[in-house]
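The values are calculated or read from the model by the stated rules, or taken from the named source; none is laboratory data. Keep in mind it's a predicted model, so treat the numbers as computed, not measured. All Cβ positions, even for glycine, are placed from backbone atoms using ideal geometry, and neighbour counts span all protein chains on display. The area values use the complete protein model at the heavy-atom level, side chains included, leaving out ligands, DNA and RNA. Shrake-Rupley method; radii C 1.70, N 1.55, O 1.52, S 1.80 Å.
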Amino acid sequence: GEDVEQSLFLSVREGDSSVINCTYTDSSSTYLYWYKQEPGAGLQLLTYIFSNMDMKQDQRLTVLLNKKDKHLSLRIADTQTGDSAIYFCAESTPYSSASKIIFGSGTRLSIRP
Amino acid sequence: DTAVSQTPKYLVTQMGNDKSIKCEQNLGHDTMYWYKQDSKKFLKIMFSYNNKELIINETVPNRFSPKSPDKAHLNLHINSLELGDSAVYFCASSHRNSPLHFGNGTRLTVT
């Protein structure tokens, strides 16, 4: 079955890079996503990567995908206090006429001054 | 504004009551979802409709009944509410393989 795992907490110093890791089990995943959730808010799509890519960069965000190991990471360069949030990894797999999207448990990123 | 909108934002009710949460999307998407986020922030898929047809129905008590009158709407009705139903419920939509677009959530508190 599908399972997505990520560590629950990460603490980094302001200005450093943050790396949030995620592993998934379903090899038929088509897309992998990173969502950000700030306190009391909904989920905001940060970035996503198609399963036949191994890297995607978007300003301060870099996504790396190792399909062989089913490992996904999100690197945030020059982490700022506004980056404090919960980051969810998610995988999308074909399901009937649509897609099924399964989320990891979320990684709570906190920033130290 | 193009968006996924759900109402109400907050819902406080007593055990045993029946309540509904409404969701509408004006993005032209063909698939809509309900997710439940518990107090530990775990997000679990509940239901998915594609073109008004139920395609995903996870292990959810049958007190929960989704209804999709058209592609742009997916409502969630909950009968005989229990304390354990307290959570934030998120509606979302997508089109084919596009990412999910989420509503802002409905915080349900059952007392």
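Are any residues in segment A:84-113 in contact with a Ser or Thr (Cβ under 7 Å, 6 or more places away or on another chain), at pLDDT 95 or above and under 14 Å from A:T47 (Cα atoms), and if so, which ones? The one that is in contact with a Ser or Thr (Cβ under 7 Å, 6 or more places away or on another chain), at pLDDT 95 or above and under 14 Å from A:T47 (Cα atoms): A:Y87. Note on segment B:101-111: among residues that are part of a strand (DSSP E or B) and open to solvent by less than 60 Å² (accessible area, probe 1.4 Å), the one that is farthest from the other protein chains (Cβ to nearest Cβ) is B:V110.
Looking for whichever is open to solvent by less than 30 Å² (accessible area, probe 1.4 Å) and without any contact (Cβ under 8 Å) to a residue 24 or more places away in the chain here; the options are A:A98, A:A90. Which one fits?
A:A98
Of all the numbered requirements in (1) surrounded by fewer than 18 Cβ atoms within 10 Å (Cβ to Cβ); (2) in contact with a strand residue (DSSP E or B) (Cβ under 7 Å, 6 or more places away or on another chain), A:G104 misses one, and that requirement is (1). Considering only segment A:61-73, I want to know if a residue exists there that is within 11 Å of chain B (Cβ to nearest Cβ), in a strand (DSSP E or B), on the phi < 0 side of the Ramachandran plot and among the hydrophobic types (A, V, I, L, M, F, W, C). The answer is no, given that none of the residues of segment A:61-73 is within 11 Å of chain B (Cβ to nearest Cβ), in a strand (DSSP E or B), on the phi < 0 side of the Ramachandran plot and among the hydrophobic types (A, V, I, L, M, F, W, C). Taking segment B:27-60 only, how many residues are open to solvent by 80 Å² or more (accessible area, probe 1.4 Å), of a type in the set (S, T, N, Q) and in contact with a Ser or Thr (Cβ under 7 Å, 6 or more places away or on another chain)? Number of matching residues: 0. Beta carbons closer than 7 Å, at least 6 apart along the sequence or on distinct chains, pair a first residue in segment B:1-29 that is in contact (Cβ under 8 Å) with a residue 40 or more places away in the chain with a second that is part of a loop (DSSP other than H, G, I, E, B) and among the charged types (D, E, K, R) for B:M15/B:E82. For segment A:7-49, a residue qualifies if it is more than 13 Å from chain B (Cβ to nearest Cβ) and among the small types (G, A, S), and the qualifying residues are A:S7, A:S11, A:G15, A:S17, A:S18, A:S27.
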